[in-house]
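Shown next, in structure tokens, is the structure this report addresses.
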Amino acid sequence: MTVVKELLRARNLLLVVLIPLLLLPLPLLYPSSEASCAYVLIVTAVYWVSEAVPLGAAALVPAFLYPLFGVMKSSEVAGEYIKNTTLLLMGVICVAASVEKWNLHKRIALRMVMMAGAKPGMLLLCFMCCTTILSMWLSNTSTTAMVMPIVEAVLQELVNAEEDCELNGTTGNTIVEERETIGPSEKHRQTSLELIFINKDATTADFSSLVHSKNMNGVHMIANTIGTVSSKTNGQHLPQAQILVLPSQPQNLNLSSKHQYPSKHDHMVCKCLSLSISYAATIGGLTTLIGTSINLIFLEYFNNHYPNAEVVNFGTWFLFSLPISLIMLVLTWFWMHWLFLGCNFKETCSISKKKKTKREEMSEKRIQEEYEKLGTISYPEWVTAFFFILMALLWFTREPGFIPGWSSFFEKKGYRTDATVSVFLGFLLFLIPAKKPYFGKKGKGNVTNSTDVNSGGPIITWKDFEKTMPWEIVVLVGGGYALAAGCETSGLSTWIGRQMSSLSSLPSWAVSLLVCILVSIVTEFVSNPATITIFLPILCSMSETLQINPLYTLIPVTMCISFAVMLPVGNPPNAIVFNYGHCQIKDMIKAGFGVNLIGLVVVMVAINTWGIRLFQLNKFPDWAAAVSNATGPS
């Protein structure tokens, strides 16, 4: 038994060593570029699927195996790791860092919640809309980590208000629900959550001391960075902080369950709101090319593989995906409401002040207080919002398609991309001072609402950028480009495409549907970047072989890969939401299956209706034919 335990502990190391050795006969028995490339592809894919090594580290495998097996030169492989989309991502991250640093995201979220009120149905819709909007421009993971602490605080207010109503005997307007208790005599021992603000510069010893003082040893805790928290005390502002969501009375906590709920209705509200944040972040990420790394990987590969295809840009993608996101948002809201809150939309969505319960009034009061703590909108927030809007406008108007864009004012064509805009605006954020400049007399009431002690610095610093920049994603995306380049150079993708010639008897929409179903299943167990990296070269070769417009398969597949919402391991937002403990895996599978099905149906309807007109999908384009002839047999 001891030997078995040791083997299980070392299983990742064994996998890393044994997989390359077991697959080594492939390039040795079939000494060709295709076999060598297949060997590297399989080894990397197994590392990604098993996560035996970090995803970023596994993405470096092509950097040394391709040159060793003679598939690509080392200098050629190195060039694949930094692309135009890398610069695009860096510029966007600069704006995202500013949004997080100056709490613009928290102001937007709280303002939208104030508009919606505390009715569960309207609260659900409001948080989903807010998360979707933020996720269009920020990463899905960052958006979920930002919004969930706000959701958690609101949920706690709802639960606490219910308890207060019961203790004061004011439950006349509240819904009587079936009680869910962990054990006997625990009705009034509900555990509330405590928000603790920790300076990011605090040491591990400081953190351990806090845990010990709170008697939290052995109790589960959740930590999420949501940016900065400002305080109006003496006009000063706290430095960047983390919010820890901790049980305030762990000594009364039954460790067999993370949460206790006054009623089944409360439990369902918590489940519904938590899961909806993950789904809304996924929906928002579909809308823009920079919304998720999956879209960036698709864009870079498509532009490299089809250099003459000036079809997909920020504007055309947005026009295609915005209706998809809106339809999915509404249908997902209906699905989540029906699944967890029932069909009584009139009661849960009413905005009438006469029908508000005590708990809803208390929750709205708490939200109002949180918003007031932010104070008036500061100068850095105005600058960030301006750059945010300016970046989107410049992306839209660069090459809108139906009219000449601003890039046509330059003599040389094709030199400017969306990355040019994002990097330029991101660079300016390092120069603009965070303190509002005054050219005349400084008024008495003009105090900069800063969250940094050194308000004389720029809007963002390089340290702020480093904290937000996902370097692992950059390396992972680069590894995907390297794999795709190797498949194309060696001819492996062409060989795989020919093996799928039997699908030529099927109509184009059926081929697209089949591959979408396939990737929707695979991506639940394999990371999204790894899935799209493996499938992109295969689908391009298949489309060229079947004489189908490559976008007919690439666009729906790219979107469907994002629908990994059924398991906590599907994507980071799922894991963040699951970690809060309101829902179980069976809840995620049940709710996620419906969202996955909604997404698949909406995407297929979109690609076969307005997608055909927007991207001219009903014919095999010349830019694809040119590549097909160049890579095909002579």
Gln368-Met112 FRET efficiency (beta carbon distance; Förster radius 22 Å; 0.05 resolution): 0.95
Backbone HN-Hα couplings from phi across the stretch 486-491 [Karplus 6.51/-1.76/1.60, Hz, Gly and Pro as x]: x, 4, 6, 5, 6, x
Theoretical gain in end-to-end length, Ala78 to Lys467 [0.36 nm per residue, Cα-Cα removed]: 137.5 nm
Radius of gyration and maximum dimension Dmax of the stretch 477-634, Cα, Å: 17.2, 60
Too-long pairs where the Cα-Cα distance tops 18 Å, listed order kept, from Lys83/Lys619; Lys101/Lys463; Lys119/Lys271; Lys101/Lys436; Lys264/Lys365; Lys119/Lys373: Lys83/Lys619; Lys264/Lys365; Lys119/Lys373
Theoretical FRET efficiency, 1/(1+(r/R0)^6), r = Cβ-Cβ of Asn308 and Leu428, R0 25 Å, to 0.05: 0.15
Estimated FRET transfer efficiency (Phe334, Val3; beta-carbon r; R0 56 Å; 0.05): 0.55
Computed lengthening from Trp495 to Asn344, 0.36 nm per intervening residue step minus Cα-Cα distance: 48.8 nm
Protection proxy ranking of 534-544, 279-289, 83-93, 597-607 - average other beta-carbon atoms within 10 Å, highest first: 279-289, 534-544, 83-93, 597-607
Extension gain, Lys435 back to Trp610 (0.36 nm per residue minus Cα-Cα distance, nm): 58.3 nm
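No lab work stands behind these numbers, since they all come straight from the coordinates. A quick note: this is a predicted structure, and the numbers were derived from the prediction, not measured. Glycine gets a Cβ as well: all are built from the backbone with ideal geometry, and neighbour counts include every protein chain shown.
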